[in-house]
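The values are calculated or read from the model by the stated rules, or taken from the named source; none is laboratory data. Quick caveat, the model's predicted, so the values are computed rather than measured. Every residue, glycine among them, receives a Cβ derived from its backbone with ideal geometry; neighbour counts consider all protein chains shown.
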Amino acid sequence: MDMVRFPEKSIDELKLCYMATMVLSGAGDALGYKNGEWEVCHSGRKIHDELEQMGGIENVKVKLPHWMVSDETVMHLATATALIEWGQKIDKEKLYDKIAKSYKKCMCDMTGRAPGRTTQESCHQLKPGRPQGYCIPFNKRAGGCGAAMRSMCIGLRFPRPEELPHLIAVSVEAGRMTHHHPTGYLGSLATALFTSYAIQGRPVQMWGRELMDVLPKALEYVENQGRYVEENKSEWNYFKKAWEEYLQTRGIKDGNSEPIFPIKYGIEERDEAYKSWSFSGWGGSSGHDAPMIAYDALLGAKDNWKELCSRAMFHSGDSDSTGAIAAAWFGAKFGFRGVPEKNYKVQYELSFLKLVWFACRNES
């Protein structure tokens, strides 16, 4: 296997990080979801108190029936399945058709998993097998996080810097199969892009600045595709402006500085911050702030899994979405380092996830 060598990772380490991306994303989803209880809990303090009564994150055995995965993981695996079936082919139209088919099929496995209405309605519109059957109309109300939460594996499939045009195309098209609105599908771009950066070993504080540099390329792609161009352009700036403001707040617009956090940034303070970044008061429920909260959590937690969970999985917002995204990036960057086996090993069989590594790897 003649693979590109990323500076911080050997082949064995890279393989482990690919598996950890998928496995920990599912674990982060289940932890943030808690069978729907914590996803709809609007008090991070209450969640942390309940967690403490369980003995802390170190003692949580993530397994059924108490810790099922939500629609996040089902759809993330649907994306990965389509990439696996596509393999090393060139024709992206066939890939998009496979993704659309996979998304429609996974809607049959949503009992108790709380899929969003936009996702369900959009999947109903998909027509795989027909020319451009993966395309749906522009939707001014499709700015939710449903596209962002399922695209991390796209960054595994296109991890090299020179593959950025492919990553942009696939993440945008996969995103707007259900969320044809820039705030929605740019969330898909962000989660895929940051996964590729984690695999490359880029410093986390650089990721946000790099995203700002990629957005014009994404707009150029959308314009070149010629579908609902004016509608997309008219709604483009919300995502960009929200991220620019966030990067300014953290002092990392230059991509080099260390992030600046408030002196007091505990559970309640984070709940308030996440709400302030949101579109409608539910932090993490939109395409711009789900990756933003996950990114903020990783910036603050670094390689500390327990702290990542506190910040990304156990808050008053859409905690399963932000948990799935943040945990995927943690796995891509650090593997399973410092993660209690109880949090992931009982429920997630690594033998299955090895398929993701072998199918998503890039051979030169």
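Within region 88-104, does at least one residue satisfy the condition of being crowded, with 21+ Cβ neighbours inside 10 Å, of a type in the set (Asp, Glu) and modelled with pLDDT of 95 or more?
Yes: one or more hits.
Which pairs have Cβ atoms under 7 Å, sit 6 or more apart or on different chains, and link a residue in region 175-186 that is more than 13 Å from Thr118 (Cα to Cα) to one that is among the aromatic types (Phe, Trp, Tyr) and part of a helix (DSSP H, G or I)?
That search, which allows pairs on different chains as well, returns Pro182/Phe239; Thr183/Tyr238; Thr183/Phe239; Leu186/Phe239.
Going residue by residue through region 182-192, is there one that turns out to be assigned to a helix (DSSP H, G or I), within 22 Å of Leu16 (Cβ to Cβ) and polar (S, T, N, Q)?
Scanning region 182-192 turns up at least one residue that is assigned to a helix (DSSP H, G or I), within 22 Å of Leu16 (Cβ to Cβ) and polar (S, T, N, Q).
Report whether or not Thr79 is under 21 Å from Ile154 (Cβ atoms), surrounded by 14 or more Cβ atoms within 10 Å (Cβ to Cβ) and touching an Asp or Glu at 6+ places or on another chain (Cβ under 8 Å).
The answer is no for Thr79.
Is there a residue in region 282-289 that is among the acidic types (Asp, Glu), buried (at least 17 other Cβ atoms within 10 Å of the Cβ), within 28 Å of Arg176 (Cα to Cα) and out of contact with any Cys (no Cβ under 6 Å at 6 or more places or on another chain)?
yes
Determine whether Glu39 is in contact (Cβ under 8 Å) with a residue 24 or more places away in the chain and part of a loop (DSSP other than H, G, I, E, B).
Yes.
Each row is one residue, and each column tells you yes or no for (1) within 22 Å of Gly175 (Cα to Cα); (2) touching a His at 6+ places or on another chain (Cβ under 6 Å); (3) modelled with pLDDT of 95 or more; (4) not hydroxyl-bearing (Ser, Thr, Tyr).
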| residue | (1), (2), (3), (4) |
| --- | --- |
| Tyr265 | no, no, yes, no |
| His288 | yes, no, yes, yes |
| His315 | no, no, yes, yes |
| Lys354 | no, no, no, yes |
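Name the residue that is nearest to Trp282 (Cα to Cα), counting only residues in region 98-131 that are assigned to a loop (DSSP other than H, G, I, E, B) and without any contact (Cβ under 8 Å) to a residue 24 or more places away in the chain.
Thr111
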